[in-house]
Amino acid sequence: DNSGGLGTPLFDEDGLDDLRPQRLADVVGQQAVVERLQIMLNAARKRDEPLSHLLLDGPPGLGKTTFATVLPRELGTECQITSGPSLSAPKDLLPYLTNASHGSVLFIDEIHRMPPSVEEFIYPAMEDFRVDITLGEGLNARTINMKLKRFTLIGATTRSGMLTAPLRDRFINREHLEFYTVEELTEIVTRNAKKLNVEITHDAAIEIARRSRGTPRNSNSFLRWTRDFADSEADGRISTEVAVEALKKREIDVTGLDRQDRRYLETLIRVFDGGPAGVAALGHSMNIPPDTLEDEIEPFLLRSGFIKRTPRGRMISLSAFQHLGLATPADDGT
Ligand code: ADP
């Protein structure tokens, strides 16, 4: 059984996610967020009340699902999981709402991708714990009002800017997850190596952490790959040398950029002369949906200073040329 209760799959990209923290105390980093969530939990327990609705935003792989599943576990309540794209009409959401027990958590991943009809349907559920259901059509149509149990909605989004204001405002608590430091990721790699029963040196853990683009999901995925590499090509132990070789094989460079990231930078340089270029045009050239560029590729490139966002579009920065080993554009006489 791979479900987390009520038929909720808890698979990650790498199969069953046995590395996901189970308790708040197992969560590494995001210290300020953890402290605030702990206060919310304490207060909810003391008053014996459900948590208020919570919105988590931040790039993929930073722990939104982790927090959303840790909280109900801390409270000892049920957790249902669904996602915006799979809710195409109010009738898709209704069973989750009516199933929700008092104090339980309903987690909606990618909540910015709910269609407007579902969004409007969820407002009264969030505010007054009721839904309005229209039965019949035309003159015979009537609306019935259904009471729900007091549940907690946890929404996750990669871009809170994509949320409509009315939806965003209905979340009393909003937390933004930031990229992790190399130290935090080193800690995650070290802990998880222990869970996976593989020997790793401290320097090798740092090496993996440094290339993880600030993202625990990458750390975990690189650790699993490096472990496979160590078993296949070495004596099963992860030394710095093994880690470096393994990541080289996966075409991850020293700052953690992968082939896709480098292709983005090269496209911006070669096709758009370094920019400014709109994200739609970039996506078109790369044959990747612009949403994917904005959600998964650009945040880290922006943070690393390889690209800049300007009102006219994305611009390459000099450090990207240096990083790719390309000649910087000639000075145009200024
Ligand atoms: P998101 O929902 O934001 O895409 P996830 O919660 O699925 O991200 O996190 C991806 C993986 O990274 C998780 O499976 C978990 O193993 C790991 N992870 C995320 N955040 C942390 C953290 N703070 N401490 C330890 N591991 C983490």
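The values are calculated or read from the model by the stated rules, or taken from the named source; none is laboratory data. What you are looking at is a predicted structure, and each value in this text was computed from that prediction instead of being measured. Cβ placement follows ideal geometry from the backbone for every residue including glycine, while neighbour counts extend to all protein chains displayed. These accessible areas exclude ligands, DNA and RNA; they are computed on the full protein's heavy atoms, side chains included. Shrake-Rupley method; radii C 1.70, N 1.55, O 1.52, S 1.80 Å.
Quick notes
- Gly275 being in contact with a helix residue (DSSP H, G or I) (Cβ under 6 Å, 6 or more places away or on another chain) and free of Cβ contacts under 8 Å to residues at least 60 places away in the same chain: yes
- Listed by position, the strands (runs of 3 or more DSSP E) contained in segment 54-136 that have at least 3 residues being among the β-branched types (Val, Ile, Thr) are 130-135.
- Residue match in segment 93-100 (condition: over 26 Å from Ala44 (Cα atoms) and among the hydrophobic types (A, V, I, L, M, F, W, C)): no
- Residues that are under 20 Å from Leu75 (Cα atoms), open to solvent by 50 Å² or more (accessible area, probe 1.4 Å) and in a loop (DSSP other than H, G, I, E, B) were ranked within segment 1-47; the one that is modelled with the lowest pLDDT is Gly7.
- Positions within segment 188-198 being hydroxyl-bearing (Ser, Thr, Tyr) and either more than 12 Å from the ligand (Cβ to nearest atom) or not in a helix (DSSP H, G or I) (or both), in sequence order: none
- For first residues located in segment 18-45 and within 18 Å of Gly214 (Cβ to Cβ) and touching a residue at least 60 places away in the same chain (Cβ under 8 Å), partners that are within 9 Å of the ligand (Cβ to nearest atom) and assigned to a helix (DSSP H, G or I) and lie 6+ apart or on another chain with Cβ distances below 6 Å form the pairs Leu19/Asn192; Leu19/Asn220; Val28/Glu184; Val28/Glu187; Val28/Ile188; Gly29/Glu184.
- Complete set of residues in segment 210-234 that are aliphatic (A, V, I, L, M), out of contact with any strand residue (DSSP E or B) (no Cβ under 6 Å at 6 or more places or on another chain) and away from the ligand (no atom under 15 Å from the Cβ): Ala234
- Residue list for segment 144-187, restricted to those being within 14 Å of the ligand (Cβ to nearest atom), open to solvent by less than 20 Å² (accessible area, probe 1.4 Å) and not in a loop (DSSP other than H, G, I, E, B): Ile154, Gly155, Ala156, Thr157, Glu175, Leu185, Thr186
- Residue in segment 199-227 that is nearest to Ala156 (Cα to Cα), counting only those that are outside any helix (DSSP H, G or I) and open to solvent by 20 Å² or more (accessible area, probe 1.4 Å): Arg213
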